[in-house]
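Only one structure is covered here, and it is reproduced in the block below.
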Amino acid sequence: MERWLAAALDYLPRWLEFQMRQSEQPGLSLAVVHQGKPVLLAAFGHADRARGVDLTPQHRFRVASHSKTFTSVALMKLRERGRLQLDDPVGRHLPGLHADVAAATLAQLMSHSAGLMRDGRDSGQWVERRAFLDRAEMLDDLAAGTTIDSNTRFKYSNHGYGLLGQVVEAVTGEPWCSFVAREVVAASGLKDTFPDVPAEGAAALHLASGHSSKWPVGERLVISATMDTRALGAATGFVSTASDLARFFASLSPLAKKSVLSVASRRELTRRQWREPHASVERWYGLGTMQGTLTGAAGPWDWFGHTGGFPGTLSRTACVPAQGLALSLLTNAADGLAQAWTDGALHVLQAFCRHGAPSRRSAAWTGRWWSLWGAFDLLAVADKVLIANPALLNPVQDAAELELHGRDRQGVDRGRIALANGYGAHGEPVALRRDAQGRPASLQLAGNLLLPEAAVANELKARYGPR
């Protein structure tokens, strides 16, 4: 493993632990894969907050729309075997559809450009007001035809992927879940991934429970993760771990050495086809995969992956082919920060990639330092130090940089703020002082004295606590 990556992986759990504490989220599972191999597995919080069950990396989550990537891989495998073509009209495989729906191609369904309704006339399954739709109910929703003309814009549709699951069954002559479990999941070497929750034996899956947001009730309520997704399993049924997801998406990189798909199929799967309209961020959709570019310290990093939202869980996986990296972040709350934390983790990785691993000289500058205004983290990189803010969703955003002058005769490490924004203390001195045992005891950052958390907590209680 490259030294910069090891340093970044050391910081990621410390930042996410702070984020968990600050946001009061119930649980978070994280996996990072490099060159196809897991290099970090971590879990924070609870799998079930009400019962006090600690979350572990082995807990499985409902990963919802990650299912679309698995379904798309199944279709690409059938294409490689000559069983179907991406420009096949879906009506060629599924008779009886409305003429406009039947004319939509498999590629349009896979890329969400077929113009279908998103979740039907009654989407109460997403708030557990009703069960997930069976095949007849899904087809009844589609009996009126398309919502907009096909091939005119990106328009997400879970019903579209429900149809794709039916196509797999029609072509193979077996249940969709059986084919994808054997030809995609098992073939990819995934041991903790299932196409859906079986009607019996859900307890054996070691599932993390979902949780509501804190409001409007005033507390988080536990949401069972055992719902059967029925005809929409191909769109949202999957159960997996962060580790399995990160390894699976890493294997879909066109640069991966081992995969269930050919390089040509992987390129087509991850190619940008439709830009998300009416969005504040520039993202794209391919065939069952999302794409984007993260611009940060190390320049633009192109990524592909997917997100997932199920009652009580939010998740995201991103693969950066050029760096051989993939990470998956699973949260078990309706207001989980999976998307923002994944971007933040990528920014941390970018910062260490750009600056490099700490030298022996900079490694002495460590710790989390507090004042009334919150916490700051010292991140040693190369021969300098970054001042990160763990409270931010991107902790290295506009991070000030310290140049190091060495340790004086009193054992004080000294330096100066070599780079800061116009409102910072650019050019002013810094000092890291140690106690009698040589442990960091205080950080003088220009005119600001920063101390360990316990010391600042006592100071604030003495100054502002009850009299």
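Taking label points 7 Å from Cα along the Cα-to-Cβ direction, Thr172 and Leu419 give a separation of 5.1 nm. Put a dot 7 Å past the Cα of Val281, heading toward its Cβ, do the same for Thr56, and the two dots end up 3.2 nm apart.
Rounded to 0.05, the FRET efficiency of the Arg81 and Lys258 pair, given R0 = 22 Å and the Cβ-Cβ distance, is 0.70.
Taking a point 7 Å from the Cα of His206 along the Cα-to-Cβ direction, none of the residues of the stretch 309-337 has its backbone N closer than 16 Å to it.
If the segment from Arg182 to Glu428 were pulled out straight at 0.36 nm per residue, it would be longer than the present Cα-Cα gap by 82.4 nm.
Residues of the stretch 346-363 with an amide N closer than 19 Å to a point placed 7 Å from the Cα of Arg3 along the Cα-to-Cβ direction: 349-363. Rg/Rh for the chain stands at 1.04; both radii use Cα atoms, and Rh follows the Kirkwood definition. Annotation: lysines with alpha-carbon distance below 19 angstrom to Lys77 (same-chain offsets under eight excluded): Lys68, Lys257, Lys258. Considering all C-alpha pairs of the stretch 362-464, those separated by over 18 Å amount to 46%.
Using the Cβ-Cβ distance between Ala363 and Tyr464 with R0 = 41 Å, the FRET efficiency computed as 1/(1 + (r/R0)^6) comes to roughly 0.70.
Expressed as a whole number of Å, what is the distance separating the alpha-carbon centroids of the stretch 85-126 and the stretch 289-354? Going from one Cα centre to the other spans 29 Å. When both the stretch 158-218 and the stretch 1-55 are represented by their alpha-carbon centers, they are found 24 Å apart. Taking label points 7 Å from Cα along the Cα-to-Cβ direction, Glu24 and Trp215 give a separation of 1.1 nm. Ordering of 70-77, 91-98, 348-355 by packing is 70-77, 348-355, 91-98, highest average first (other Cβ atoms within 10 Å, averaged per residue). Pairwise Cα separations in the stretch 79-212 fall into 5 Å bins from 0 onward with the following percentages, short to long: 2, 9, 16, 20, 18, 16, 11, 6, 1.
Where a number appears in this text, it was derived from the coordinates with a stated rule and is not lab data. Predicted model only: the values in this text are computed from it and were never measured. Don't worry about glycine lacking a Cβ; one is built from the backbone with ideal geometry, like all the others, and counts go over all protein chains shown.
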